[in-house]
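I have placed the structure first, in the form of structure tokens, so that the comments after it can refer back to it.
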Amino acid sequence: MLQILKQKSRRWFGARMPVADNIHLSQRSTYIWPTAAGYLAMIVTLLMMIGATNYQNNLAFLLTFLLVGIGLVSIIFTFKNLQGICFSLQPVAEVFCGQLFSVKVNLVSETGKPHFSIGVGFRKADCMLCDVEANGAASICLPIKADKRGYWNMPRFIATSQFPFGWLRTWAWFRFETPILVYPTPKQPPSTFKHADSGQADEDGSKAKGSDDLYGLKPYQPGESLSRVDWKAFSRERGLFVREFAGYQSQQLHFDWNDFPDCGIETRISYLTSLVLGAASQNASYSLGLPEQSIGQGDDDVHRRRCLRALALYGLAGHENSASGFSNG
């Protein structure tokens, strides 16, 4: 019976909880209840009323009614302290499954009045406090960890306040609508893998003109940069030559699903994620091959996010082979 009542109460509260990207709290979704200090104040006021009635003391009556009036006014102030604030979530940087990251909640006052001691968190006991100035803004960073890859809906948030006296607590639950794209957990492969080389380069890459290593000397031609002139050779009367440099073109790597035939799905995805991140950090050109999906060569940040998105959504219901959609990167 108790479990049934809990389920019904959760459904009732859930139906009243706002879900959007910009949260505006209303009276329907905001609740208020006395705190322990509030219960103590009510008991003290009741005892003062009994004493004032018993001894017919006018000063005691005056103090009792003053406390009652303060308590009634504080209900309005406490409840209104949460009203008129817009809550929004700042776009999140790259998130990997299992890693702790921070979400930044922005609070903007839209009533022209200040809001004091506003707490925001995932649980009442872990709320972080801030003040929002009149027509101003504030932000709170909350640590959280994503427990699965793909599009991930963050847990519900709570906004609470006990301003001004701490006798009453007002709170409201809300949830942001847009999910976060969580990339797979990168895991270093245990051994080397086979990769495709799509050029005529040898194992160490092909040599081409660049600015990395000295390649040789060539006769000076009018208009060439004087910074490359070999002045030592000129001082020895060997002629006017310029230095010619060469760089090395890296191989075009290919990361394929079949590189790890004896591994499970999640393990393969973690290995491929690690390889993509490693190649991107070295500005190498690489491609990715998944079952029924292939991503061609690339070396820029857009290509990197596309590969990570494909790995994050692989095998998930409703997102098979999807390389588009919401991206938090």
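The values are calculated or read from the model by the stated rules, or taken from the named source; none is laboratory data. Predicted, not measured: the structure shown is a model, and the values here were computed from it. Because the Cβ atoms are built from the backbone with ideal geometry, glycine has one as well, and the counts that use them run over all protein chains shown.
Quick notes
- Of all residues making up region 1-38, the number that are out of contact with any strand residue (DSSP E or B) (no Cβ under 8 Å at 6 or more places or on another chain) and more than 18 Å from residue 163 (Cβ to Cβ): 17
- Exclusive hit being more than 30 Å from residue 315 (Cα to Cα) and buried (at least 18 other Cβ atoms within 10 Å of the Cβ), set 81, 54: 81
- Out of 264, 318, 289, 298, sole residue that is small (Gly, Ala, Ser), loosely packed, with under 13 Cβ neighbours inside 10 Å, at pLDDT 90 or above and under 30 Å from the mean Cα position of the chain (by Cα): 264
- Count of residues meeting criterion [among the aliphatic types (A, V, I, L, M), under 30 Å from residue 316 (Cα atoms) and in a strand (DSSP E or B)] in region 149-172: 1
- Meets criteria (hydrophobic (A, V, I, L, M, F, W, C) and either at pLDDT below 90 or over 24 Å from residue 95 (Cα atoms) (or both)) for residue 323: yes
- Taken together, 108, 103 contain a single residue that is among the hydrophobic types (A, V, I, L, M, F, W, C), under 20 Å from residue 20 (Cβ atoms) and touching a Cys at 6+ places or on another chain (Cβ under 6 Å), which is 108.
- Filtering region 181-192 to residues that are surrounded by 19 or more Cβ atoms within 10 Å (Cβ to Cβ), part of a loop (DSSP other than H, G, I, E, B) and out of contact with any Lys or Arg (no Cβ under 6 Å at 6 or more places or on another chain) leaves only 186.
- Subset of region 267-322 [in a loop (DSSP other than H, G, I, E, B) and either touching a helix residue (DSSP H, G or I) at 6+ places or on another chain (Cβ under 7 Å) or charged (D, E, K, R) (or both)]: 291, 292, 299, 300, 314, 315, 319, 320, 322
- Search result, residues across region 27-36 that are at pLDDT 95 or above and part of a helix (DSSP H, G or I): 36
Conditions tested, residue by residue: (1) of a type in the set (Phe, Trp, Tyr); (2) surrounded by fewer than 17 Cβ atoms within 10 Å (Cβ to Cβ); (3) modelled with pLDDT of 95 or more.
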| site | (1), (2), (3) |
| --- | --- |
| 148 | no, yes, no |
| 157 | yes, no, yes |
| 170 | no, no, yes |
| 179 | no, yes, no |
| 194 | no, yes, no |
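Residues checked against (1) of a type in the set (Asp, Glu); (2) touching a Leu at 6+ places or on another chain (Cβ under 8 Å); (3) closer than 23 Å to residue 111 by Cα; (4) exposed (fewer than 15 other Cβ atoms within 10 Å of the Cβ):
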| position | (1), (2), (3), (4) |
| --- | --- |
| 11 | no, no, no, yes |
| 21 | yes, yes, yes, yes |
| 34 | no, yes, no, no |
| 39 | no, no, no, yes |
| 47 | no, no, no, yes |
| 64 | no, no, no, no |
